[in-house]
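Trainee: I have a structure I would like to understand better, so I am pasting it below and will then ask my questions one at a time.
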Amino acid sequence: MDKTLVIFGASGDLTRRKLIPALYSLHCKGRLPKDTRIVGVSRRPYSSEEWRGMLSKTTGEFNAKDFDEVKWNEFEQSVHYIPGDATKGDDLVKLAESLKELDGESNERVYYLSTKPAIYAPIIENLGAAGLADQSIGKRRIVIEKPIGVNLDTAMRLNEKVHDVFHENNVFRIDHYLGKETVQNLLVLRFANSIFEPIWNRNYIDHVQITVAESVEIGSRAGYYDGSGILRDMFQNHLLQLMTIVAMEPPARYDPKLVRDEKVKVLRSVRPMIESEFSTSSVRGQYEGYLDEEGVPEGSQTATFAALKLDIDSWRWHGVPFYLRSGKAMSCRTTQIVIEFRKPPFALFSESDNGIIEGNRLVIQVQPAEGMQMYLQSKVPDAGMMVQETPLDFRFARHNTNKSMPDAYQRLLLDALNNDASLFARNDEVELAWQIIDPIINAWQGGSGPALKTYAKGDWGPEECTQWMRDQSRNWFDVCPVLS
Ligand code: BG6
């Protein structure tokens, strides 16, 4: 069966930077399902030839290493452009006609919303009205980029709108973190190795840290970012997704529904913060100079950094805090998950090179370099029984020298085309994530959160955050990045 991928927002940045380069790479690897057509739709009056020409340049830029003129020429045969304003019903009726001419209608179609979120609802409504979501003609699916709403209420309204037109089984909500190889490897690490399962719980783990640090600032995105802030931009989606994968129970089978059921159970088990905890279980910060960024309103209180302490009320995790932290303008770009094991019950060897014997630590580095590090205590040679912390490194690149790590969009686009929703967020997942984040945002905005602290660019967030962790007798694992 031929497939047609229709990208709304074809002239936008995401299409140029991520979607087309990923599709082109899939083509080069021979993975793109046979006879897949790619149709771009946006208001710009390009012809297919013009759009192909532009994409060839940008893909050459973003896929510089593997760009090959011959392969591109093959690939671009399947690329088409149809101008139209998807927020206008008439334009989608015309689009329906053009698509019918192109793919004969009985094709499987995947509609990809790569537009501004504000126009998701009208596009979906128009797809329904133009008969473009009619499943009796052929399979129709929709892919939606984050953000799904700006709070629980708007997310629920958007989900309802989507369900008026598409059954949930045909809805693919992208969280590109789930497309990252190392994030998927977390599932493999946990559920394909028997050594971790017996210790992956409150009996052996003291706490978990999930850090997504970015060295970039907000750049030209003030218009979006100032209204969003770090909790909406990174926590409601990426950080909570990472947390669910670390914390979930093993699913009965690797099946989209069962995997997502387990993730949903984690979100349901997150203990809601009580009033006094909004200030004691969260830290918020803003990098120095944020107020001078172009487009940021005077005196903006938007946080560019946050740290949260979340508790999961389950048999596995009761009493094991999950610390989530993310920020812009931080010391480096690193996404790391730290599983901090309990210390030995008593100190047989009282000496260590820094005077403290730490618990074992497993660091899973999601990016930039993908790998893992296990910290063990070992003996310092020729120094009595002095012990030292020693890392065991595992780098994907070293073990897979003939393979490069694919961009997350390759995996996600392929899964959407092949109707595998395991790595996409379900409606209940998104809504539960908002249920966790909304009260914190409201508390921060309503004045019952912690004070907004500033931090210097290139730091690990405000100093108060370091102290906050120390007050809980713990330390952040601030290494930038552990593997390179
Ligand atoms: C996006 C956020 O979802 O993720 C950006 O909107 C952020 O603010 C980006 O920079 C981070 O993604 P990655 O893959 O570079 O870690």
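Trainee: Considering the zone a paramagnetic label at GLU217 would reach in this model (a point 7 Å from Cα along the Cα-to-Cβ line), which residues of segment 453-484 have amide N under 18 Å from it?
Mentor: 453-462
Trainee: May I ask for the net charge around LYS34, where only other residues with Cβ less than 10 Å from the Cβ of LYS34 are counted and Lys, Arg are +1 while Asp, Glu are -1? Please report the intermediate quantities before stating the final value.
Mentor: Working: positive: LYS3; negative: ASP2, ASP35.
Every neighbour counted, the sum reads -1.
Trainee: Could you compute how much accessible surface GLU463 exposes when probed at 1.4 Å, giving the result in Å² to the nearest 10?
Mentor: 150
Trainee: How many Å² of accessible area per residue for segment 239-340, probe 1.4 Å?
Mentor: Roughly 38 Å² per residue, with all protein chains present.
Trainee: Let me ask something else about it. Leaving out ligands, DNA and RNA but keeping every protein chain, what accessible area does THR454 have, in Å² rounded to the nearest 10, with a 1.4 Å probe?
Mentor: Accessible area, nearest 10 Å²: 80 Å².
Trainee: Any idea which of ILE144, SER281, VAL259 is furthest toward the positive side of the dipole for the chain, if Lys and Arg beta-carbons carry +1 and Asp and Glu beta-carbons -1?
Mentor: Positive-most Cα among the choices belongs to VAL259.
Trainee: Report, to the nearest whole %, how much of the accessible area of the chain belongs to carbon and sulfur atoms, 1.4 Å probe, protein only.
Mentor: Values: 10750 of 21500 Å².
Carbon-and-sulfur percentage of accessible area, whole number: 50.
Trainee: Would segment 124-183 count as rounded, prolate or oblate if I go by the C-alpha gyration tensor, calling it rounded below 1.5 in a/c and otherwise prolate when a/b exceeds b/c, oblate otherwise?
Mentor: oblate
Trainee: Then there is this: Quote the charge dipole size of segment 177-296 about the Cα centre in Debye, to the nearest 20; the model charges only the Cβ of Lys and Arg (+1) and of Asp and Glu (-1). Display every interim value, and only then the final one.
Mentor: Details: 13 positive and 17 negative charges, 163 e Å.
With only Lys, Arg, Asp and Glu charged at Cβ, the dipole is about 780 debye.
Trainee: For the chain, give the share of DSSP beta bridges that are antiparallel, in percent and rounded to the nearest 5; count only bridges with both residues there. Working shown, then result.
Mentor: Values: 40 of 78 bridges.
Around 50 percent of the beta bridges assigned by DSSP in the chain are antiparallel ones.
Trainee: Something else: Sum -39500 (n - 2.57) across every DSSP H segment of at least 4 residues in the chain, then divide by the residue count to get the 222 nm mean residue ellipticity, nearest 500.
Mentor: That calculation yields -10000 deg cm²/dmol at 222 nm.
Trainee: In terms of solvent-accessible area of protein heavy atoms at a 1.4 angstrom probe, what is the ranking of ILE339, ILE199, ILE436, highest value first?
Mentor: ILE199, ILE436, ILE339
Trainee: Right, another one. Taking the Cα centre of the chain as the origin and placing charges on Cβ (Lys, Arg +1; Asp, Glu -1), which of GLY327, GLY40, GLY84 is farthest toward the positive end of the dipole?
Mentor: GLY40
Trainee: Right, next: Report the calculated FRET efficiency for TYR204 and GLU294 (r = Cβ-Cβ distance, R0 = 60 Å), to the nearest 0.05. Show your work: numbers first, answer last.
Mentor: Details: r = 49 Å, r/R0 = 0.81.
Given R0 = 60 Å and the Cβ-Cβ separation, E is 0.75.
Trainee: Across the chain, what fraction of all alpha-carbon pairs, as a whole percent, falls in each successive 10 Å bin from zero upward?
Mentor: Over the chain, the share of Cα pairs per 10 Å bin runs 4, 18, 28, 26, 16, 6, 2, 0, 0 percent.
Trainee: Next question, about the same structure. Go through the cysteines of the chain and tell me which have no other cysteine Cβ under 4.7 Å away.
Mentor: CYS28, CYS465
Trainee: Over the chain, what is the mean sequence separation of C-alpha contacts under 8 Å (at least six apart), divided by residue count, expressed as relative contact order in percent?
Mentor: 17
Trainee: For segment 1-138, what is the accessible area per residue in Å² when the probe is 1.4 Å?
Mentor: Working: 6470 Å² over 138 residues.
Solvent-accessible surface per residue comes out at 47 Å².
Trainee: If each residue of separation counts as 0.36 nm, what is the full-extension length gain between ASP255 and LYS29 once their alpha-carbon separation is subtracted?
Mentor: The ASP255-LYS29 span can extend by a further 78.8 nm.
Trainee: Given a Förster distance of 22 angstrom, what is the FRET efficiency for GLN388 paired with ARG474, based on the Cβ-Cβ distance and rounded to 0.05? Intermediate results must be reported in sequence, preceding the final value.
Mentor: Details: r = 21 Å, r/R0 = 0.94.
Plugging the Cβ-Cβ distance into 1/(1 + (r/R0)^6) gives 0.60.
Trainee: Which shape class, rounded, prolate or oblate, goes with segment 405-453 when its Cα gyration tensor gives a ≥ b ≥ c as root eigenvalues, a/c under 1.5 marks rounded, and past that a/b bigger than b/c marks prolate?
Mentor: Verdict is oblate for segment 405-453.
Trainee: Can you compute the charge dipole magnitude of the chain about its Cα centre, using +1 on each Lys and Arg Cβ and -1 on each Asp and Glu Cβ, nothing else charged? Give it in debye, rounded to the nearest 20.
Mentor: For the chain, the charge dipole is close to 840 debye.
Trainee: Right, another one. Work out how much length LYS379 to ALA64 would gain on full extension: take 0.36 nm times their residue separation and subtract the Cα-Cα distance, in nm to one decimal.
Mentor: 108.7 nm
Trainee: Need one value: the accessible area of HIS167 in square angstrom, 1.4 angstrom probe, rounded to the nearest 10.
Mentor: Its heavy atoms expose roughly 110 Å² to the probe.
Trainee: Restricting to Cα atoms and excluding each atom paired with itself, what does the Kirkwood estimate give for segment 210-364 in Å? Let's see the in-between values first.
Mentor: Working: mean 1/r = 0.0558 Å⁻¹.
Here the Kirkwood hydrodynamic radius works out to 17.9 Å.
Trainee: What is the extension gain from GLU358 to THR280, computed as 0.36 nm multiplied by their sequence separation minus the C-alpha to C-alpha distance, in nm to one decimal?
Mentor: Extending this stretch completely gives an extra 25.5 nm.
Trainee: Same structure again: Can you flag which of LYS161/LYS265; LYS3/LYS57; LYS116/LYS403; LYS309/LYS453 are past 23 Å Cα-Cα?
Mentor: From the list (LYS161/LYS265; LYS3/LYS57; LYS116/LYS403; LYS309/LYS453), the Cα-Cα distance tops 23 Å for LYS161/LYS265; LYS3/LYS57; LYS116/LYS403.
Trainee: Percent relative contact order of segment 391-484, based on C-alpha pairs within less than 8 angstrom and at least six residues apart?
Mentor: Dividing the mean separation by the residue count of segment 391-484 yields 16 percent.
Trainee: Go through PHE424, THR58, PRO122 and say which Cα lies farthest out towards the positive end of the charge dipole of the chain; charges sit on Cβ, +1 for Lys and Arg, -1 for Asp and Glu.
Mentor: Comparing the listed Cα positions along the dipole, PHE424 ranks first.
Trainee: Using a 1.4 Å probe and counting only protein heavy atoms, arrange HIS163, HIS318 so the residue with the most accessible area comes first.
Mentor: HIS318, HIS163
Trainee: At a Förster distance of 60 Å, what's the computed FRET efficiency of GLU168 paired with PHE346, Cβ-Cβ distance as r, to 0.05? Don't skip to the end; give the middle numbers.
Mentor: Details: r = 52 Å, r/R0 = 0.87.
The computed FRET efficiency comes out at 0.70.
Trainee: To continue, here is another question. Placing +1 at every Lys and Arg Cβ and -1 at every Asp and Glu Cβ, with all other atoms neutral, what dipole size does segment 327-484 have around its Cα centre, in debye to the nearest 20?
Mentor: Around 260 debye, computed over segment 327-484.
The values are calculated or read from the model by the stated rules, or taken from the named source; none is laboratory data. Here the structure is a predicted model, which is why all the values come from computation and not from measurement. Cβ atoms come from the backbone with ideal geometry, glycine included; neighbour counts cover every protein chain shown. Side chains are part of the model used for accessible areas, which takes the heavy atoms of the whole protein and leaves out ligands, DNA and RNA. Shrake-Rupley method; radii C 1.70, N 1.55, O 1.52, S 1.80 Å.
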